[in-house]
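Asks: My structure is below; once you've seen it, I'll send some questions.
The values are calculated or read from the model by the stated rules, or taken from the named source; none is laboratory data. Just so we're clear, the structure is a prediction, and the values are computed from it rather than from any experiment. A quick note on method: Cβ atoms are made from the backbone with ideal geometry, for glycine too, and the neighbour counts reach across all protein chains shown. With ligands, DNA and RNA removed, areas are computed over all heavy atoms of the protein, side chains included. Shrake-Rupley method; radii C 1.70, N 1.55, O 1.52, S 1.80 Å.
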Amino acid sequence: MKSNFWLRIIAPALILVLGIVLYFTVGFNKSLELSGYHLIEVNIQDTEISEAVDKINNVLENKDLDIKDYYLEKDGYGDVIAIKFTTNSENATELENTIQSELMANFGYDANSLIEETFVKVSGFIAPESMSLTFAGCGLAILIGLVGVFVYIALRHSVANAFSIVLSVILDTLLMISLTLICRLPITTHYGIAIVGTAIFSIILNTLFYSKLVDNSKEEVLSKATNEEVIKVTQQNFAHTLILIALTCLIAIGAFAFYNLSTSISLALGFIAAVYTSQLFVPHLWAMAYRKRIKVKKENKEEIKE
């Protein structure tokens with residue numbers, strides 16, 4: 001059993017190590033909202049969209065910029081083509097002024113005109129939103145949840161068992177973040193949902209399964225069972241509950257994917273990590289430590305009866 005246990009540790013350990021390496025080297029793959037960007041807006045007035053796109057592309061080609069998003073929107077004066085870009089230029093302001101003047105010339109707009117539907121706007125650098133506040137808020141929410149779980153498990157079972165649940169939740173959350181780094185999924189302003197969602201799922205799954213596991217270990221019919229047998233019985237009993245939880249979460253992830261795909265994928269990775277640790281890691285960690293104490297208690301009770 002011990003050899004299998006250490007084999008089960010290899011996968012999460014490698015994921016965590018690789019995640020740490022990526023975090024301190026390339027960092028997160030941040031979305032534009034979190035990395036900052038420059039914005040071009042061109043009201044094309046009566047110009048055909050295809051013709052307007054060609055005019056814009058003629059201006060932007062061979063410029064020191066990296067186009068990140070190119071889309072069409074509408075305002076009160078008609079169609080507006082918007083382009084989000086980043087640049088490594090040492091003089092971004094000069095680049096912005098050059099782009100604006102060339103676009104004005106290509107569309108035949110007068111820079112001094114007061115007609116609002118004939119405009120070209122090249123915004124300065126739009127500063128990124130703070131991700132630290134999101135992480136801080138998520139951390140506080142998870143901490144509150146873990147305190148509640150710790151108290152519940154400590155009162156029902158023991159402080160040692162409560163610590164194991166807390167460590168499991170922390171591990172699952174870190175695995176989700178590491179998998180996000182490894183898969184290079186874009187981090188958006190909604191990433192906090194993936195962090196908190198993974199923690200909540202882990203808390204529910206680990207608490208339900210772990211409580212069932214400990215209760216089974218105290219059953220008289222399993223008093224002579226080996227550690228692996230107790231785990232196997234618990235997994236069989238918990239299978240239906242696990243399937244129902246998984247289906248519910250799958251529906252939630254699928255619905256959220258239409259709103260923010262990258263965050264829903266991170267959330268799915270967190271759920272997979274939680275299922276793995278709750279079924280293949282934490283039970284065997286319990287079997288190596290807690291089960292032995294149960295046997296000792298039973299032996300003591302038998303001695304007292306004698």
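Asks: If you check every pair at least six apart or on different chains, which have Cβ atoms under 6 Å apart with a residue in segment 119-132 that is modelled with pLDDT of 75 or more first and a residue that is of a type in the set (D, E, K, R) and surrounded by 15 or more Cβ atoms within 10 Å (Cβ to Cβ) second?
Replies: Matching pairs, first to second residue: 121/41; 122/96.
Asks: Going through segment 63-89 one residue at a time, which ones are outside any strand (DSSP E or B), open to solvent by 60 Å² or more (accessible area, probe 1.4 Å) and under 21 Å from residue 32 (Cβ atoms)?
Replies: Those that are outside any strand (DSSP E or B), open to solvent by 60 Å² or more (accessible area, probe 1.4 Å) and under 21 Å from residue 32 (Cβ atoms): 64, 88.
Asks: So which residues in segment 90-105 are open to solvent by less than 50 Å² (accessible area, probe 1.4 Å) and not β-branched (Val, Ile, Thr)?
Replies: 92, 95, 96, 103, 104
Asks: With in contact with a strand residue (DSSP E or B) (Cβ under 9 Å, 6 or more places away or on another chain) and modelled with pLDDT of 85 or more as the only criterion, which of 74, 30 stands out?
Replies: 30
Asks: If only one of 225, 162 is out of contact with any helix residue (DSSP H, G or I) (no Cβ under 6 Å at 6 or more places or on another chain) and free of Cβ contacts under 8 Å to residues at least 24 places away in the same chain, which one is it? Reasoning before the result, please.
Replies: On the way: 162 fails: out of contact with any helix residue (DSSP H, G or I) (no Cβ under 6 Å at 6 or more places or on another chain).
Exactly one of 225, 162 is out of contact with any helix residue (DSSP H, G or I) (no Cβ under 6 Å at 6 or more places or on another chain) and free of Cβ contacts under 8 Å to residues at least 24 places away in the same chain, namely 225.
Asks: I need every pair where a residue in segment 235-251 that is within 16 Å of residue 215 (Cβ to Cβ) has its Cβ under 6 Å from the Cβ of a residue that is surrounded by 11 or more Cβ atoms within 10 Å (Cβ to Cβ), sequence separation at least 6 or different chains.
Replies: 238/209; 238/212
Asks: Take residue 234 and tell me if it is over 12 Å from the mean Cα position of the chain (by Cα) and polar (S, T, N, Q).
Replies: Yes: the conditions hold for residue 234.
Asks: Which of (1) more than 29 Å from residue 266 (Cα to Cα); (2) out of contact with any Phe, Trp or Tyr (no Cβ under 8 Å at 6 or more places or on another chain); (3) among the aliphatic types (A, V, I, L, M) does residue 16 not meet, given it meets every other one?
Replies: Every condition holds for residue 16 apart from (1).
Asks: Only one of these conditions is not met by residue 163: (1) closer than 23 Å to residue 137 by Cα; (2) modelled with pLDDT of 85 or more. Which number is it?
Replies: Here residue 163 clears every test but (2).
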